[in-house]
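Presented below is the structure to which this report refers.
We did not get these values from a lab; they are worked out from the coordinates using the rules stated. If you're wondering where the values come from, they're calculated on a predicted model, not measured in any experiment. Note that each Cβ is placed from the backbone with ideal geometry, even for glycine, and that neighbours are counted across all protein chains shown.
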Amino acid sequence: MTPALLGLAGWPELGLFMLATLVLNATPGVDLLLTVTRTLQGGAKAGMAAALGINAGCVVHAMAAAFGLAALLAVSATAFLAIKWLGAAYLLWLAVGMARAALRTGAPAKALVTASNRPAWADFRVGVLTNVLNPKVALFFLAFLPQFIAPATTHKTLAFLALGLLFVLQSSLFLLVVVVLATRLRRWPSSPRGARLLQGGGALLFMLLALRLLGTRQPAA
């Protein structure tokens, strides 16, 4: 795939886009935390399902940016607030679930670390919702992708979609590596105390992420 097909001016711009995407994926946030947490709790299968859900959410945001739907969040205070509050409420709901598991007395370690009866689609759904219900991701795609599209590009919508797809592919590969690395750490929370620390730490981090999301302001027009 050549830079021109992606709407880029040349190879240096493609390299810069790939580097910027890698840095953004590696920045600690909801996506990275959720992938690591679910891998430690439920194994590689749970981590991969969550990662796929996260990237499915990225596809939704990329398409919204390409077709102008993400611009609605930038100009409509009502839409922005609605998505922001829904996203924060969902993160808090996840945090409460982790906190309850951490405080549960007499629970075996395996019950805290591995959700044995939890289907993969449940983790996929969590990944999708944490991503889709985050207006910061929508605004990110709206602000990030246009920076790399050459002004002379004729089909800007196709360029949006192509760059969005490239972003999702790199993000998928990055989170796959994260799952593999996190799988190697699963022995640590095998004790009841380690499992509770994992759940409690995850609950605290998700609460902080929810509060940070609530503090997000709509960009000035």
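Between residue 103 and residue 156, what is 0.36 nm times their sequence separation minus the Cα-Cα distance? Round to one decimal in nm.
Fully extending the segment from residue 103 to residue 156 adds 13.9 nm.
If each residue of separation counts as 0.36 nm, what is the full-extension length gain between residue 71 and residue 211 once their alpha-carbon separation is subtracted? List each step's numbers first, then the result.
Numbers: separation 140, 0.36 × 140 = 50.40 nm, distance 2.38 nm.
Using 0.36 nm per residue and subtracting the Cα-Cα distance, I get 48.0 nm.
What's the local net charge at residue 140, with K and R +1, D and E -1, over the other residues with C-beta under 15 Å away?
+3
7 Å from Cα along Cα→Cβ at both residue 11 and residue 176: what's the point-to-point distance in nm?
2.5 nm
Tally Lys and Arg at +1 and Asp and Glu at -1 over the other residues with C-beta under 10 Å from the C-beta of residue 46: what net charge comes out? Spell out each step's value before the answer.
Working: positive: 38, 45, 118; negative: 123.
Computed value for this residue: +2.
What length, rounded to one decimal in nm, is gained on full extension from residue 26 through to residue 169, with 0.36 nm per residue of separation minus their alpha-carbon distance?
Details: separation 143, 0.36 × 143 = 51.48 nm, distance 1.43 nm.
Answer, rounded to one decimal: 50.0 nm.
With a 10 Å Cβ neighbour count serving as the proxy for reagent exposure, in which order, fewest first, do 172, 76 appear?
Ordered by Cβ neighbours within 10 Å, fewest first: 76, 172.
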